[in-house]
1. Taking the Cα centre of the chain as the origin and placing charges on Cβ (Lys, Arg +1; Asp, Glu -1), which of ALA541, PHE252, PRO45 is farthest toward the positive end of the dipole?
2. Once the Cα gyration tensor of segment 71-151 is diagonalised, what are the square roots of 5 times its eigenvalues, in whole Å and ordered largest first, as equivalent ellipsoid semi-axes?
3. Could you give me the ³J(HN,Hα) list for segment 351-361, computed from phi with Karplus coefficients 6.51, -1.76, 1.60 and θ = phi - 60°, whole Hz, x at Gly and Pro?
4. For ARG206, list long-range residues whose amide hydrogen, built 1.01 Å from N in the peptide plane, is under 5 Å from its own amide hydrogen.
5. Which one, LEU238, GLY222, GLY210, is farthest towards the positive end of the dipole of the chain when Lys and Arg carry +1 and Asp and Glu -1 on their Cβ?
6. Under the classification rounded if a/c is under 1.5, otherwise prolate if a/b is larger than b/c and oblate if not, where does segment 308-414 fall, given a ≥ b ≥ c as square roots of the Cα gyration tensor eigenvalues?
7. Provide the net charge surrounding HIS347, with neighbours chosen by a C-beta distance below 12 Å and charges set as Lys +1, Arg +1, Asp -1, Glu -1.
8. What list do you get for GLU555, GLU480 if you sort them by fewest beta carbons within 10 Å?
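No value in this document is a laboratory result; all are computed from the given coordinates. Since this is a predicted model, take the numbers as computed values, not measurements. Using ideal geometry, Cβ is built from the backbone for each residue, glycine included, and neighbour counts are taken over all protein chains shown.
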Amino acid sequence: MGRSPDGLSRRWAGKAALLLPTIAAIAAVAAEGPARAGGRAAAPPGVGAVDDARLRAADSEPQNWLTHGRTFSEQRYSPLARIHTGNVSHLVRVWSFETGLRRGHEATPLVVDGVMFVTGPWSVVFALDARTGELLWRHDPQVDRRVGQRACCDVVNRGVAVYRGRVFVGVLDGRLQALDAATGKLLYEVQTADPARDYTITGAPRVVKGRVIIGNGGAEYGVRGYVSAYDAETGRLLWRTYTVPGNPAEGFESPALERAARTWRGRWWELGGGGTVWDSMAYDPELDLLYVGTGNGSPWNRELRSPGGGDNLYLSSILALDPDDGRLVWHYQTTPGDTWDFTATQHLILADLEIGGVRRPVIMQAPKNGFFYVLDRRTGELLSADPYVQVTWADGVDLGTGRPRERPEARYRGGLTLVRPTPFGGHNWQPMSFSPRTGLVYIPAQEVLGAYAPASRFEPRPGHFNTGTDLSVFAALTREFARGHLLAWDPVARREVWRHPYAIPWNGGTLATGGDLVFQGTADGRFLAFDARTGRLLFEAHTGSGVVAAPITYEAGGTQYVTVVAGWGGAFALVGGDAAADGRAAPGRVLTFALFEAPVTPELVREALEGRPASTRAGDDAYHVHCARCHGVGAVSAGVIADLRESYRRSPASFAAVVAGGLPDRGMPAFGEVLSADEIAAIEAYVAARAAD
């Protein structure tokens, strides 16, 4: 784990001709002057100054990324335009940070005045210098690894919230922690869920009016969903809103839940109910409404959890809540009586659109069920609902009633039924984005064939995946029936504008910018930039691991940066079998790009080479004469032959002997007759320095 600056200042590679792109990248970053080294003319306000007013006005400081979707509207649009369609092809990677963790990396980084906060699997939090990738601090909440068995969709974490000098993170085991933003020190933690129940937290908290809002997951394991608000200063619980009714004999927590109970049948509370708020949220400060999406039922199969039918409110719904007390103001249910795991926890975006000649404040969502929804966010009135991927479970949505026109056979009562979309969704948790410049929404869409059948026998068991469906039918899921694409959708014209296809689904979230660009990472380990208007591919870089997270962009010292977290994992990567086999897995990395701007001159090359550390210069030269042709410049191997940095870390005592005597059975020549003992020692010193960097 650690920083991997891609500049020559940290990676002396000897052969200048091979390093001109790297030198140019360093020159571009060095143009920032004192800022890159940590110095500034004036101290920035920092995380301590991130208060309610600053969060409301986040759009006025595009150099930062203050909250999960950059602003409360969650558009994931940045007006920064130094990088644009005309120069994005000149992007180079200027630094990377290795998290040292495997499994899915799903976090959206936050950037506040030059400091980046990002999370990895198992809810580990990192603070990095946003200009260099240098690690400032690391916090590991020490999650008991046994908790991983109740995380339905990998041990992931999607990010943090910052507020008044604190960093808030939801921990996989149900804790909410407040950390000192300057040091990473734990200030307090609260347990947000009963540890005896199978709740987990993977989503990013939000801070609204001094309240830390956090939900949870676990519907497949038989829990009852809710969202909670905690006082950011003290951690005191301020309110909790349940999303499905509990046992009627014990009374209802609100009139909304009493009304919801009329849409359930049987003894649903004994199975938990579900409806967990495990990801999406948005906030409108003008209307003072908090929007959350709710998840699937527990179990999935409605015939088991609610015998006799019913809409089962508030499963698979968008809820508008009063952020002061959690009171339900309005709701819209995307999939009444859901029986397919068609959650509405997918990304929620707020925007103002001109529809029918009238400017409307709307909320938009592309949930799992395959329809793209536009609602009036004041009232929940449905304005449009159209299929953005192939949909076979319903013929459409009735705009008068707001209900889907369901196909009766889709409920798989009689046996195996093929349905599109699937539990992976036409769109899953990976964030989409909206550009006010183009008027388009950019969706990480996917076309996966779903197979559903009722379980032959169903007995709910604690700690087990209780869906009420026959999961063995998913073995038919092969790569021929699973594809992904980046979709540009016009929410006013209600149509697809362009798409870019991918060989497999489960590609990363998107970022739209003022440079008319859309950025997205892919499951097969690439980072791409497209013309936001036409879909033309303009930039491609390799990330070393599949990307499922969403990128961000920020600015420091006059330079615009683009960052994405790479680390293949999540539900499809774990469950997808043959269909997910082309995803690329490797330890996680935070990758940051900037423009290749500086001219490369002989003087720059000479200056860079002269700046090499004197203690390793002789070994640097000898290494690149004798070793680099197999083991790579800078002692960095592409994996074909052993990376000597890693070899040295594993066995430093044998390094000199191996260089001198070789490894004939592996094709490693003996250099004992070519190099003197002093030259071998110099090479060892160089490799040791590279191993420690």
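1. PHE252
2. Details: eigenvalues 166, 51, 36 Å².
Calculated on Cα positions only, the semi-axes equal 29, 16, 13 Å.
3. In residue order, the calculated couplings are 7, 10, 10, 8, 10, x, x, 10, 6, 10, x Hz.
4. ILE213
5. GLY222
6. On the way: a/c = 2.13, a/b = 1.38, b/c = 1.55.
Taking the square roots of the gyration eigenvalues as a ≥ b ≥ c, segment 308-414 is oblate.
7. Neighbourhood net charge equals +1.
8. Details: GLU555 18, GLU480 9.
So the residues, fewest neighbours to most, are GLU480, GLU555.
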